[in-house]
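One structure is given below, encoded as structure tokens.
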Amino acid sequence: MIRISVIIAASLLFITCRPAISATHDDVDRKVEELLSKMTLEEKLGQMNQLSPWGDPSEIASAIRKGHVGSILNVVDPEMLNAVQKIAMEESRLKIPVIVGRDVIHGFKTIYPIPLGQAASFNPELVEEGARVAAIEAASVGVHWTFAPMIDIARDPRWGRIAESLGEDTYLTSVLGAAMVKGFQGSDLSDPSSIAACPKHFVGYGAGEGGRDYASTFIPERTLRNVYLPPFEEAVKVGAATFMTSFNDNDGVPSTGNKFILEQVLRKEWNFDGFVVSDWASVTEMIAHGFAKDPKEAAEKAIKAGVDMEMVSGSYMSSGKQLLEEGKITMGMIDDAVRNILRIKFRLGLFENPYVDTSAPPVLYAPAHLESAKEAAIQSAILLKNEGEVLPLNANTIKTIAVVGPMADAAHDQLGTWIFDGDKNYTRTPLATLKEQYGNDIRILYAAGTEFSRDARTDGIAAAVNVARQADVVLAFVGEEAILSGEAHSLANLNLQGAQSDLIAAVATTGKPVVTVVMAGRPLTIGRDVEVSNAVLYNFHPGTMGGPAIVDLLFGKAVPSGKLPVTFPKEVGQIPVYYSHNSTGRPYQGSETMLNDIPQEAGQTSLGNTSFYLDAGFAPLYPFGYGLSYTTFEYANLRLFSSSLKANDVLTVSVDIANTGKYDGVEVAQLYVQDCFGSVTRPVKELKRFERVPLKAGEKKTVTFTLPISELAFYNIDMIKTVEAGDFNLWVGTNSQAGLMTSFMVE
Ligand code: NOJ
């Protein structure tokens with residue numbers, strides 16, 4: 001990829017100042033043991049303690065001097081970080097460097113689309129590149145460790161943190177989550193441009209009841225293993241250095257006190273040898289959960305479960321010694337936790353390179369980074385509707401454009417959630433870009449109509465209608481302010497906020513073509529807005545370069561290729577709605593008797609009824625994997641190389657895809673499998689492969705997928721991961737509800 005090499009070249013500038021220190025596993029283990037043997041109990045507990053230094057700086061300095069702090073988070077000033085590290089390296093007894101953590105979720109300074117948007121690209125290389133850029137920028141100021149990727153399976157758009165997720169699908173999340181880990185950590189953790197990844201939140205956090213943040217989950221072990229755990233296992237396989245526990249209690253056990261997931265699954269089954277950090281105060285939050293009666297008992301439960309480092313709540317420091325004296329925990333438990341932490345500090349090369357090189361050239365907002373963020377925003381945009389081919393716009397024939405809506409020029413809000421370090425002054429908005437690129441040739445009339453997404457006032461709408469009347473086309477930029485998604489920002493109503501729907505409806509009455517461009521942190525229930533719009537381009541908050549990306553898409557300099565990484569419900573009441581559900585005993589058969597089809601006083605019968613809502617039907621607004629292009633693609637000639645396979649065979653399947661339209665484009669071909677009969681009921685479809693296929697107008701290609709049959713294994717009735725012999729269906733197509741179908745058998 002051209003971009004990756006540009007980015008690597010940019011990062012080389014930075015790398016040359018500080019050499020990478022690779023050490024073998026044996027070397028590291030030897031060093032860890034040597035150091036551990038010299039440590040006092042207090043120093044060990046100190047390593048397990050993470051602080052967010054917002055209090056008195058002299059107190060923090062003194063704690064570090066005493067060896068009471070293993071990590072800090074939320075400091076990104078390189079001078080300050082070097083000063084802190086100097087205390088650890090020169091004034092503490094054992095000179096153990098502090099590891100510096102930060103939430104670098106979708107970019108550090110150069111902000112990429114939110115993870116849900118990146119997932120819409122179905123492009124692991126691009127996602128890896130985004131994480132690489134984030135690492136290069138964050139490392140350049142002294143960050144060693146990011147709390148990402150967030151790989152919670154998210155099937156509830158009410159949940160604000162769906163924005164940070166990679167969507168609803170286990171396979172897509174596994175592939176893209178692994179790509180992020182690789183991007184953050186680079187090829188060598190000790191490279192100064194690498195930062196440690198922290199897959200989170202372990203585990204099940206996305207399944208909170210009712211989409212409420214922090215809420216309890218009830219995920220049975222089989223579903224946990226088949227749906228929620230695989231992305232984390234994949235992250236371990238690609239070498240993730242750390243893990244973060246989740247806030248939720250699953251079936252009554254808070255993750256931070258959950259021995260089963262931390263000891264049995266993570267350590268014993270997956271052989272993870274990095275360290276586990278709690279989420280923010282999630283150790284002592286076990287008191288509010290009613291799982292521990294005080295900080296001491298909370299510390300006991302978390303240490304016993306296998307949480308190595310405690311984020312900010314201090315109970316390990318305050319109670320560790322007493323717990324040990326009372327025999328509630330053992331020195332072995334503490335030693336293991338400290339080993340895990342020191343191992344990662346050594347692997348990061350922190351002992352050799354504790355300081356950030358402040359003389360290195362700045363890499364923040366490097367042109368190659370901005371270019372890459374723009375490409376990510378382009379590939380993340382999803383075209384939902386394009387009636388009468390209103391898009392792309394023709395710059396040669398359009399004389400006047402009306403720009404309306406609160407997101408047209410929302411430099412802060414288009415960045416999305418989790419942008420601690422992003423700076424809105426660098427944001428390129430659609431309005432600014434339109435003026436810059438087309439302002440000389442096209443009259444651009446702007447009337448926001450409503451000021452911000454929640455603005456319910458309708459008095460500005462008349463001005464918007466007025467500009468719409470004068471224009472050849474209306475561009476309506478709507479969506480959500482950044483603060484409406486993200487942590488602790490769940491919603492019960494997913495319609496466009498404020499008066500935005502009124503605004504779209506009002507400009508549509510002018511009869512001018514309306515192109516609605518959404519920028520939001522989650523799927524919204526936009527059925528009625530879609531209906532009155534001629535075209536809809538959906539962007540999960542697209543980041544710093546959202547403006548140039550969207551403008552290129554609108555004018556056809558780029559062609560949409562994004563696909564939905566999550567199902568869009570028609571109504572909130574349909575949630576949870578996701579493509580990979582199990583089959584009921586009365587599956588949907590393609591027709592529904594809707595509310596108004598039922599005669600008055602109809603007699604009660606359940607015959608012929610299937611699983612759906614009388615008032616919302618069965619189908620969602622848009623299915624997982626959906627997304628249009630300016631061009632059209634046709635699938636033909638699906639062929640299996642063999643339709644009878646053994647458990648250790650590799651299935652090979654080919655399909656011809658033709659670009660039958662006028663534009664060059666990229667189609668994301670998706671392969672789904674259904675295991676028809678099992679010892680337990682199985683999902684109606686599961687994504688197993690996908691590929692971005694570039695096709696010039698008129699071009700046809702044969703795409704071949706290979707799939708080891710071993711990847712059809714699941715946790716069966718005996719909770720054993722196995723491939724069960726029998727019949728399978730397979731589809732290859734343009735989304736989860738379309739495609740050519742064939743069948744095969746596993747003997
Ligand atoms: C709480 C969030 O749940 C977690 O994702 C984040 O990394 C920590 N706070 C640290 O900011």
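The values are calculated or read from the model by the stated rules, or taken from the named source; none is laboratory data. Just so we're clear, the structure is a prediction, and the values are computed from it rather than from any experiment. Glycine gets a Cβ as well: all are built from the backbone with ideal geometry, and neighbour counts include every protein chain shown. Accessible surface areas use protein heavy atoms only, side chains included; no ligands, DNA or RNA. Shrake-Rupley method; radii C 1.70, N 1.55, O 1.52, S 1.80 Å.
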- Task: Within the range 36-73, count every residue that is within 21 Å of residue 142 (Cβ to Cβ), touching a residue at least 24 places away in the same chain (Cβ under 8 Å), part of a helix (DSSP H, G or I) and not hydrophobic (A, V, I, L, M, F, W, C).
- Result: 3
- Residues satisfying the stated conditions in the range 382-439, i.e. open to solvent by 40 Å² or more (accessible area, probe 1.4 Å) and among the acidic types (Asp, Glu): 387, 389, 409, 423, 436
- Message: Against the condition modelled with pLDDT of 95 or more, part of a helix (DSSP H, G or I) and buried (at least 24 other Cβ atoms within 10 Å of the Cβ), how does residue 88 come out, does it pass?
- Response: no
- Task: From the list 636, 602, 658, pick out the single residue that is of a type outside the set (Val, Ile, Thr), out of contact with any Ser or Thr (no Cβ under 8 Å at 6 or more places or on another chain) and closer than 30 Å to residue 552 by Cβ.
- Result: 658
- Looking only at the range 555-593, count how many residues are under 30 Å from residue 442 (Cβ atoms) and open to solvent by 50 Å² or more (accessible area, probe 1.4 Å). 1
- Message: Residue pairs, Cβ under 8 Å, 6 or more apart or interchain, first in the range 192-215 and under 23 Å from residue 98 (Cα atoms) and outside any loop (DSSP other than H, G, I, E, B), second within 11 Å of the ligand (Cβ to nearest atom) and among the small types (Gly, Ala, Ser). List them.
- Response: 200/148; 200/246
- Query: Which of the residues belonging to the range 680-696 are within 23 Å of residue 380 (Cβ to Cβ) and outside any loop (DSSP other than H, G, I, E, B)?
  - Reply: 687, 688, 689, 690, 691, 692, 693, 694, 695
- Message: Of everything in the range 160-192, what is crowded, with 24+ Cβ neighbours inside 10 Å, among the hydroxyl-bearing types (Ser, Thr, Tyr) and more than 14 Å from the ligand (Cβ to nearest atom)? Give them in sequence order.
- Response: 173
- Scan of the range 330-353 for residues that are surrounded by fewer than 22 Cβ atoms within 10 Å (Cβ to Cβ) and either touching a helix residue (DSSP H, G or I) at 6+ places or on another chain (Cβ under 7 Å) or not in a helix (DSSP H, G or I) (or both), ordered by number: 330, 331, 333, 335, 339, 343, 351, 352, 353
- Has the range 243-253 got any residue that is among the β-branched types (Val, Ile, Thr), more than 16 Å from the ligand (Cβ to nearest atom), surrounded by fewer than 23 Cβ atoms within 10 Å (Cβ to Cβ) and not in a loop (DSSP other than H, G, I, E, B)? yes
- Message: I'm checking my understanding of the structure. Among residues of the range 129-153 that are open to solvent by less than 10 Å² (accessible area, probe 1.4 Å), assigned to a helix (DSSP H, G or I) and not hydrophobic (A, V, I, L, M, F, W, C), which one is farthest from the ligand (Cβ to nearest atom)?
- Response: 129
- Query: So is residue 719 open to solvent by 20 Å² or more (accessible area, probe 1.4 Å), closer than 22 Å to residue 643 by Cα and among the aliphatic types (A, V, I, L, M) or not?
  - Reply: no
- Query: residue 219 versus (1) more than 15 Å from the ligand (Cβ to nearest atom); (2) in contact (Cβ under 8 Å) with a residue 60 or more places away in the chain: which is the lone unmet condition?
  - Reply: (2)
- Task: Can you confirm whether the range 275-289 contains a residue that is more than 16 Å from the ligand (Cβ to nearest atom) and in a helix (DSSP H, G or I)?
- Result: yes
